[in-house]
1. Kindly list the number of the only condition in (1) under 22 Å from A:Phe149 (Cβ atoms); (2) touching a Pro at 6+ places or on another chain (Cβ under 6 Å); (3) within 14 Å of chain B (Cβ to nearest Cβ) that fails for A:His335.
2. Over 19 Å from B:Lys100 (Cα atoms), more than 11 Å from every other protein chain (Cβ to nearest Cβ) and either among the small types (Gly, Ala, Ser) or in contact with a strand residue (DSSP E or B) (Cβ under 9 Å, 6 or more places away or on another chain) (or both): is that true of A:Lys361 in this structure?
3. A:Ala63 fails exactly one of the following numbered conditions: (1) in contact with a helix residue (DSSP H, G or I) (Cβ under 8 Å, 6 or more places away or on another chain); (2) among the aliphatic types (A, V, I, L, M); (3) in contact (Cβ under 8 Å) with a residue 24 or more places away in the chain. What is the number of that condition?
4. Answer yes or no as to whether A:Gly206 is in a loop (DSSP other than H, G, I, E, B), modelled with pLDDT of 95 or more and more than 30 Å from A:Leu338 (Cα to Cα).
5. From A:Asp314, A:Asp365, which residue is free of Cβ contacts under 8 Å to residues at least 12 places away in the same chain and closer than 30 Å to A:Arg253 by Cβ?
6. Within segment A:364-394, can you find the residues that are in contact with a strand residue (DSSP E or B) (Cβ under 9 Å, 6 or more places away or on another chain) and within 29 Å of A:Asn205 (Cα to Cα)?
7. What pairs come up if the first residue lies in segment B:51-76 and is closer than 12 Å to B:Ala107 by Cβ, the second is surrounded by 24 or more Cβ atoms within 10 Å (Cβ to Cβ) and acidic (Asp, Glu), and their beta carbons are under 6 Å apart, counting only those six or more places apart or on different chains?
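The values are calculated or read from the model by the stated rules, or taken from the named source; none is laboratory data. Just so it is clear, the model here is predicted, and its values are computed rather than measured. Neighbour counts run over all protein chains shown; Cβ positions are idealised from the backbone, glycine included.
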Amino acid sequence: MEKLIYLDNAATTKTAPEVVEAMLPYFTEYYGNPSSVYGFAAGNKEVITRQRETIAEIIGAEANEIYFTAGGSESDNWALKATAECYENKGRHIITTKIEHHAILHTAEYLEKKGFEVTYLDVDEKGLVDLEQLRAAIRPDTILISVMFANNEIGTIQPIKEIGEIAQEHGILFHTDAVQAFCQVPINVDECHIDMLSASGHKINGPKGIGFLYIRKGVKIRSFVHGGAQERKRRAGTENVPGIVGLGTAAKRAAESMEERTKKEVELRDYFINRILTEIPYSRLNGHESKRLPNNTNFSFQFIEGESLLIMLDMKGICGSSGSACTSGSLDPSHVLLAIGLPHEIAHGSLRLTLSEETTKEDLDYTADVLKEIVEHLRKMSPLYEDFQKKQKK
Amino acid sequence: MYTEKVMDHFQNPRNVGELENPSGVGTVGNAKCGDIMRIYLDIDEDQIIRDVKFKTFGCGAAVATSSMATELVKGKSIYEALKVTNKAVMEALDGLPPVKVHCSLLAEEAIHAALWDYAEKNGIKIEGLTKPKSDIHEDEEDEEEY
């Protein structure tokens, strides 16, 4: 196989070598438990504090508002379940959207089974939440609004500041799943009135299995994991010191390079989008043209199915992902693509390619060339395309 | 995820295309669920399948099962073709992942649908052939996961 072209950076990213390097001593040299009394372990407590400060600074928070978790899914679960539990005396209504990650959606469904009511907001054809619909959904018993900062599939960036303002006006807690947005777009929790924010290490060239939940001071949610005094008694368990160091190092690195990196990515992204839409007939871009994650592209190709497309790309050394049902093991295509109004058969033919800091124009040119051939090949095999062509001739 | 044989039939599908004036055509599946198969049969006066072509919209397994099914019925009598089950298609491909078993059912149904069309056009009855379902997903239900 030729060179590997990895265009699935929304799924996970390569751990940066300097991140790994920073982590390594915390396995074999400084392996002490940060809660221990002796001097050998004391340094580990400090190093955790430093990472907390680094991350807090990036999102404009205080260090003691950052709680390390095992990743984005845990953070999302914690934010929703703990808020529900602690604020249920105030009310049992939660507002979220139809395009959230399953870590939010499945948690919301779980809460519904526990007697909570959940409103799932629609999005428009570009994936944006309607602020008027949000306002209208608010009730006296609404305790939480949870809207993702940017969507993992189609890359659409929500009007988070406006949503935060609405939440604040009504005295409702606001959580945002920023797993895709953290270190991709500037975030300030105060400006956006964010009360809780989830993020993950492995989407920003950090390690897997580590993330954090920002919890604004004064938000009364309790522990999700019981058993110790770690994380200000809110998340028990011996700290994942190497992971925390990895997350902090990756976040610092990604925040410092953000402006330059995303500017380059946006240029490449738009170049690639333009090539695909002009060179491949019956293709469309899913998501918003400009309110979009710098590294995200998502297309639908009519008359073909996504999994076949992925396998053929794989054979050419290109890694991508699809919202096709066949990749998820269910019969339904991506809930996000259905929410933006795509018919099932078009949603099945979707392809997400997400860039990294290492992606080059040559990689994208090669991918566009290969993609053109594959789409043509699969269309030749497609009965839908055959029917379409026959109709055109009539 | 897929066996070598599945990958081979996906990468180099046999008998892709259409037939002009086919003896029978069958289209099964549903774009909503992400797979549609169409099979064209050319059947001679001795009821032997002389040629067969297919077109498929679907995943790797859908393409591979269509390709294998066409190979299994080519040159066979219509009665032999009727005996080509989804199990036979799966076995010939050295197996399919459990979530893809429905693709092999689709291939079996597509053959049956094309034979049904042939029988109808010629006003004959093929013993053992019942009117095929156009959509094999009718019987499937979404599994809940928790």
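1. Of the numbered conditions (1) under 22 Å from A:Phe149 (Cβ atoms); (2) touching a Pro at 6+ places or on another chain (Cβ under 6 Å); (3) within 14 Å of chain B (Cβ to nearest Cβ), the odd one out for A:His335 is (2).
2. Values: over 19 Å from B:Lys100 (Cα atoms): yes; more than 11 Å from every other protein chain (Cβ to nearest Cβ): yes; either among the small types (Gly, Ala, Ser) or in contact with a strand residue (DSSP E or B) (Cβ under 9 Å, 6 or more places away or on another chain) (or both): no.
Answer is no for this residue.
3. All conditions pass for A:Ala63, except number (3).
4. Considered against the rule, which asks whether it is in a loop (DSSP other than H, G, I, E, B), modelled with pLDDT of 95 or more and more than 30 Å from A:Leu338 (Cα to Cα), A:Gly206 comes out as yes.
5. None of the other options fit; the residue is A:Asp314.
6. Residues satisfying the conditions are A:Leu364, A:Tyr366, A:Thr367, A:Val370, A:Leu371.
7. B:Gly58/A:Glu305; B:Gly58/B:Asp35; B:Ala62/B:Asp35
For (1) of a type in the set (A, V, I, L, M); (2) surrounded by fewer than 18 Cβ atoms within 10 Å (Cβ to Cβ); (3) at positive phi, each residue gets a yes or a no:
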residue	(1), (2), (3)
B:Arg14	no, yes, no
B:Glu18	no, yes, no
B:Asp35	no, no, no
B:Leu41	yes, no, no
B:Glu45	no, yes, no
B:Thr65	no, no, no
